[in-house]
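Data first, discussion second: the structure below is written as structure tokens.
Computed from the coordinates by the stated procedures, all read-outs in this text should not be read as laboratory data. On a predicted model such as this, the values are computed, not experimentally measured, just so you know. Heads up, the Cβs are rebuilt from the backbone with ideal geometry, glycines too, and the neighbour counts pull from every protein chain shown.
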Amino acid sequence: NTLTAIAELVFIVVIMHADLSVRRMMDIEMRKAIANGHFMLHYQPQIDEAGNVVGAEALIRWRHAKMGEIPPVKFIPLAEETGLIVPIGNWIMRAACAQLAQWDARPETRRLSMAVNISASQFRQPDFVQNMYDIVRVSGVNPSKLKLELTESMFVDDVGATVAKMSALKNMGLAWSLDDFGTGYSSLSVLNSFPLSQIKIDKSFVQGMLNNAANMAVTEAIIELAEKLNLQVVAEGVETVEQLNRLRQAGCRIYQGYLFSPPLGIDAFHEFLSSEASR
Ligand code: C2E
Ligand code: CA
Ligand code: CA
Ligand code: CA
């Protein structure tokens, strides 16, 4: 018994070490990716009721020379822990603003807005507001075309400090969007405690809606509440026409999901825009 216990302990220590070295390796690889430009942004169209593209959400992609494409869920959480999310997050914002500036320069794309994901630990940095402010200023983009997506995990922090940071950037013209709405544990009061302009209904609700009456009721209630609070609602993860129709009936006017398009590289995104224009 003692022997088994010792064997188990040794096993756990070995696993922990293996895990540590994988993490250390990933950290080194991420630093190289920043230096060598192996990160890129993909853009997922956001569509309005009339079927027009109104904007895009920027989603990071990592093209690793040997490991192939590494999805964000595999490295963003680690980057948050190690602090690498700060240089990566600044790169994302610069790249998104550079793209937005190009869209702004052409009449056909001038209407497009850009949504950028901000991770909790990035937001918590004391110089977050200054960093974002400087990047937007240097890029020359119209801040009112920018939406920053946050998750409810940020709302457990000091409310006053969080509101102050959000307000500082909102005063510059940027809008805040609450991502993955409905998946966190915060109360509905977050919706009027923070200077939000938009909420995104999490894809688990959108996808559960049709075969789960409770899910449908929650989704409808969210949309109704958002309307009363003057918040724009975006449904994410829309995959079927049935989902789209129910969302439309419930009063949701902006949609994102595979039904329209997956996130696309910039050339494919522009192709999507022009095919849409010719329809
Ligand atoms: P998210 O912000 O909730 O992004 C939406 C995710 O849903 C994206 O996955 C997108 O490709 C996927 N998606 C879009 N439409 C559909 C659909 O119809 N069905 C399904 N099943 N999925 C759909 P992705 O790009 O792998 O990103 C995953 C998560 O990684 C994001 O969730 C976000 O939390 C994080 N992430 C991605 N890019 C960034 C970034 O630039 N910065 C930060 N901080 N986090 C990012
Ligand atoms: Ca998002
Ligand atoms: Ca989301
Ligand atoms: Ca998510």
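Things worth noting here:
- Distance from the Cα centroid of region 82-138 to that of region 185-235 is 25 Å (rounded to whole angstrom).
- Unit Cα scatterers, Debye sum, the chain: log10 I(q)/I(0) for q = 0.11 Å⁻¹: -0.70
- Projected label distance in nm at residue 106 and residue 130, using a 7 Å step from Cα toward the beta-carbon: 3.7
- Each Cα pair under 8 Å and six or more residues apart adds its separation to the average, and for the chain the resulting relative contact order is 17 percent.
- Against the main long axis of the alpha-carbon atoms of the chain, helix 85-104 sits at an angle near 20°.
- Each of 20, 34, 52 was scored by the projection of its Cα onto the charge dipole of region 13-52, and the greatest displacement toward the positive side belongs to 20; charges sit on the C-beta of Lys, Arg, Asp and Glu.
- Full extension of the chain segment joining residue 211 with residue 268 gains 17.2 nm, where the gain is 0.36 nm per residue of separation less the Cα-Cα distance.
- A straight chain from residue 167 to residue 48 at 0.36 nm per residue would run longer than the Cα-Cα distance by 40.1 nm.
- Estimated from helical segments only, the mean residue ellipticity of the chain at 222 nm is -16500 deg cm²/dmol, where each DSSP H run of four or more residues counts as -39500 (n - 2.57).
- Highest-MSF residue in the chain out of 164, 105, 226 [GNM, Cα springs under 10 Å]: 105
- Gaussian network model of the chain, Cα within-10 Å springs - most flexible of 52, 230, 212: 212
- Taken about its Cα centre, the chain carries a charge dipole of about 660 debye when Lys and Arg each add +1 at the Cβ and Asp and Glu each add -1 at the Cβ.
- Count of Lys pairs (Cα-Cα under 20 Å; at least 8 positions apart or interchain) in the chain: 13
- Ranking of 238, 13 by neighbouring Cβ atoms within 10 Å, starting from the fewest: 13, 238.
- Exposure rule at most 16 other beta-carbon atoms within 10 Å, DSSP loop GluC sites (Glu not before Pro): the chain longest free segment: 109-238
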